[in-house]
Amino acid sequence: MQITTEIFGNVLVAHTPDELTDDTSTDFVNSLSDAINQQHYQVVLQMDRSEVLDSAGLTALLDLQDLTREQGGNLKISGLEEPGKKILEMTRLDQRIDIFDSVIEAVASFQ
């Protein structure tokens, strides 16, 4: 799986796939794990394109958050549309992962 990423200072911004599901989540986590292990501990997931999010996708978010925190960093989410926001609210993941409207706000929050 090819993940589009950008670096802003010491923050890695990764664009999530259209579907973060059982079919894609393992490859997604593996792709980002490599980047995180290469000293990118501050990660923003730009989720504006993600239209489908299932339990495997939620687990992937938590796995990535754990990985970044083990390295002394953190994971934040930006651009999540209403269905995804509602899912994170219902599962209370919005209390574990910081959510921002824009990638600029999310990146700036690491300063």
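Values quoted throughout were computed directly from the atomic coordinates according to the rules given, and no laboratory measurement underlies them. All values reported here derive from a predicted model rather than from experimental measurement. FYI the Cβ positions are ideal-geometry reconstructions off the backbone, even for glycines, and counts take in every protein chain you see.
Worth pointing out:
- Under the criterion of Cα pairs below 8 Å and six or more residues apart, the relative contact order for region 64-111 equals 39 percent.
- FRET efficiency, residue 86 to residue 22 (Cβ-Cβ, R0 25 Å, nearest 0.05): 0.80
- For GluC sites (Glu not before Pro), the sites in region 1-109 that DSSP calls loop and that have at most 16 other Cβ atoms within 10 Å are 51, 81.
- Stretch in the chain that is longest and holds no trypsin sites (Lys or Arg not before Pro) that DSSP places in a loop and that have at most 14 other beta carbons within 10 Å: 1-48
- Convex hull of alpha carbon positions in region 1-62: directionally averaged projected area 3.8 nm².
- In the distance distribution for the chain, Cα-Cα pairs more than 17 Å apart total 47 percent.
- Cα gyration tensor category, rounded, prolate or oblate, for region 71-111 with a/c compared to 1.5: oblate
- Relative contact order (%) - the chain, alpha-carbon pairs under 8 angstrom, separation at least six: 26 percent
- Helix-only CD estimate at 222 nm, as mean residue ellipticity for the chain, using -39500 (n - 2.57) per DSSP H run (n ≥ 4): -12000 deg cm²/dmol
- A simple spin-label model places pseudo-atoms 7 Å from Cα toward Cβ; at residue 49 and residue 71 they are separated by 2.1 nm.
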